[in-house]
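Heads up: the structure comes next, in structure tokens.
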Amino acid sequence: MKELKKIILRIASIILITFLPCAGLLLVYFYTSPKIAEYYDVKEKRAVLDIFNIPYRVSEKNMVGITFKSYDKKDIKDVFGNNITVEEPSPISWEIQLAGTQTSKKKPISGKRIYKYVKDGKLQGLGFVESKMGYGYNKSSIMSLFICVEPDMETLKGIEVLDHSETPGLGGRITEEQFKRQFSGKKLRPKIFVVKGRKAEGDNEVDAITGATNTSRGIEAFINDAMKEFWAGQGDIPW
């Protein structure tokens, strides 16, 4: 009987030891996941507004010579909702046609969520978020960009880096304005080129980041691949 009690106590102890950390992790997950989701949602909305130069409320505080910025999340959401049109991917619907000539009645734009900005009845540009793994220096991580194009869909309006795992001070410099602003107005056809060893001069060329060639090439391939997929999604599906 005593042996049975010992076994039961040991089992109960093991269950308790394993249960408490798991319960704690679950509580942390349920508490933080909505906040994390909101953070990325606001970050994405900010990226869209920044590309289109749409202002939103920002407050700055200076402490010990360092400037800290804080963003009004509600204002960002309101400004975004009042200015940006979001088009969700449409489901493919089919109609009966002659054999060998089937096409989709409505084609989703590359299966992506599209953000459009219309001002005074005129389209100012459109963009989409693309996330891919295997680009840049750290090929085992995901890189995420907001890519925005002019109404002609062949000229870059700009890019915003939403997520990356590149080396700080090297590849991590892809988030710097000096690097990102190079892409504004660049031609996407036939493709974007990152140049090294000379100054970018072509209308589809940008300068590589010094000391971060792999990351620069990764951005080049990322944008070219993303735009290839985007353009491929514009017409009907051939069968």
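The values are calculated or read from the model by the stated rules, or taken from the named source; none is laboratory data. Just so it is clear, the structure is predicted and the values come from calculations on it, not from any experiment. Glycine also receives a Cβ, built like all others from the backbone with ideal geometry; neighbour counts cover every protein chain displayed.
Some notes on this structure:
- When region 89-116 is filtered for residues that are within 29 Å of Val48 (Cα to Cα) and either loosely packed, with under 13 Cβ neighbours inside 10 Å or at pLDDT 50 or above (or both), the ones remaining, listed by number, are Pro89, Ser90, Pro91, Ile92, Lys106, Ser110, Gly111, Lys112, Arg113, Ile114, Tyr115, Lys116.
- Of the residues making up region 140-161, just one is in contact with a Gly (Cβ under 6 Å, 6 or more places away or on another chain), assigned to a strand (DSSP E or B) and of a type in the set (D, E, K, R), namely Lys157.
- Condition check for Ala12: in contact (Cβ under 8 Å) with a residue 12 or more places away in the chain and either exposed (fewer than 10 other Cβ atoms within 10 Å of the Cβ) or not assigned by TED's automatic domain parsing to the domain that holds Glu176 (or both): no
- Residue among Trp231, Trp239 that alone is among the hydrophobic types (A, V, I, L, M, F, W, C), modelled with pLDDT under 90 and part of a loop (DSSP other than H, G, I, E, B): Trp239
- Residue check for Leu4: surrounded by 10 or more Cβ atoms within 10 Å (Cβ to Cβ), of a type outside the set (S, T, N, Q) and assigned by TED's automatic domain parsing to the domain that holds Asp78: no
- Picking from residues in region 18-48 that are β-branched (Val, Ile, Thr) and within 17 Å of Ile84 (Cα to Cα), the one that is surrounded by the fewest Cβ atoms within 10 Å (Cβ to Cβ) is Val42.
- A residue that is charged (D, E, K, R), more than 30 Å from Tyr117 (Cα to Cα) and without any contact (Cβ under 8 Å) to a residue 12 or more places away in the chain cannot be found anywhere in region 27-37.
- Of all residues in region 22-33, none satisfies being at pLDDT 75 or above and in contact with a helix residue (DSSP H, G or I) (Cβ under 7 Å, 6 or more places away or on another chain).
- If the condition is being farther than 19 Å from Leu162 by Cα and either surrounded by fewer than 17 Cβ atoms within 10 Å (Cβ to Cβ) or at pLDDT 95 or above (or both), then region 208-228 contributes Thr210, Gly211, Thr213, Lys228.
- From Val79, Val58, Val86, residue being modelled with pLDDT of 95 or more and not acidic (Asp, Glu): Val79
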